[in-house]
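*Asks:* This is the structure, below, for whatever I ask next.
No value in this document is a laboratory result; all are computed from the given coordinates. Every value quoted in this text rests on a predicted model; they were computed, and no experiment measured them. For neighbour counting, all protein chains shown are included, and Cβ atoms are generated from backbone atoms with ideal geometry for every residue, glycine included.
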Amino acid sequence: MNGVRIQQTDSIKYLGVIIDNKHSWKLQISSLCRKLSQACGVVCKIRHFADIKILRLIYFSLFHSHLQYCIIDWGRAYKTVFRPEQVLQKRIEKYMTFSNGMSSASNIFKLLKILKVSDLYQLNLEKFMYKYKADILPSSFDNFFSKLYNIHDHGTKKQVSGNFHHKRVRTDYGKKMLQNVGPVAWGWLYFQ
């Protein structure tokens with residue numbers, strides 16, 4: 001490019017997110033897990049001296065903030081790659097409540113008013129789609145999705161509601177693309 005040879009690399013860190021050449025997100029998630037493990041250690045040590053309000057503040061500042069950053073990208077990783085965050089999130093919430101390993105994680109999440117990683121991803125995806133529909137995203141996203149009324153003129157329920165078209169894809173990679181999961185999430189949200 002302009003006489004400068006660009007070297008191919010397996011991964012690059014851009015704005016704190018590690019993007020690998022296979023879009024597997026393994027490097028990003030392992031980096032994230034190191035940060036989340038440190039937050040678990042802090043909560044484990046301080047839980048004896050703080051009440052639940054303070055522990056929630058620590059959770060949201062040290063754990064949740066890292067978990068939420070760019071989750072709309074790495075949250076589409078395969079479940080096997082994605083699992084370590086879920087394990088760490090369950091660990092920290094059990095530290096916060098002094099629960100044993102047999103306690104129901106779902107009940108503890110409700111008690112602490114904390115979203116699970118998968119729910120956090122879904123929420124951020126739906127917020128992204130709302131911003132797209134409200135036209136408040138940067139102009140680079142203007143033609144990112146197609147409205148159903150641009151595809152056909154049948155008066156279907158989905159078409160009238162202003163839903164987005166998602167292409168049928170055959171590969172797992174295609175199914176995980178934002179252009180596919182975004183319209184699916186928006187359609188699911190609209191019809192709930």
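*Asks:* Arrange the following residues from fewest to most other Cβ atoms within 10 Å of their Cβ: K90, K35.
*Replies:* K35, K90
*Asks:* Give me the distance in nm between label points sitting 7 Å out from Cα along the Cα-to-Cβ direction at T97 and C44, one decimal.
*Replies:* A separation of 1.9 nm, rounded to one decimal place.
*Asks:* Using a Cα-Cα cut-off of under 19 Å, which aspartates and glutamates could be cross-linked to K110, ignoring same-chain neighbours fewer than 8 residues away?
*Replies:* By straight Cα distance, K110 reaches D51, E85, E93, D119.
*Asks:* Give the calculated FRET efficiency between N2 and K53 to the nearest 0.05, with a Förster radius of 45 Å applied to their Cβ-Cβ distance.
*Replies:* The value I calculate is 0.20.
*Asks:* Additional query: Based on the Cβ-Cβ distance of S106 and M177, what FRET efficiency does E = 1/(1 + (r/R0)^6) give at R0 = 25 Å, to the nearest 0.05?
*Replies:* Approximately 0.25, to the nearest 0.05.
*Asks:* Follow-up. On a full-extension model of 0.36 nm per residue, what is the gain between K127 and I12, subtracting their alpha-carbon distance, rounded to one decimal in nm? Write out the running numbers ahead of the final one.
*Replies:* Numbers: separation 115, 0.36 × 115 = 41.40 nm, distance 2.70 nm.
Roughly 38.7 nm would be gained on extension.
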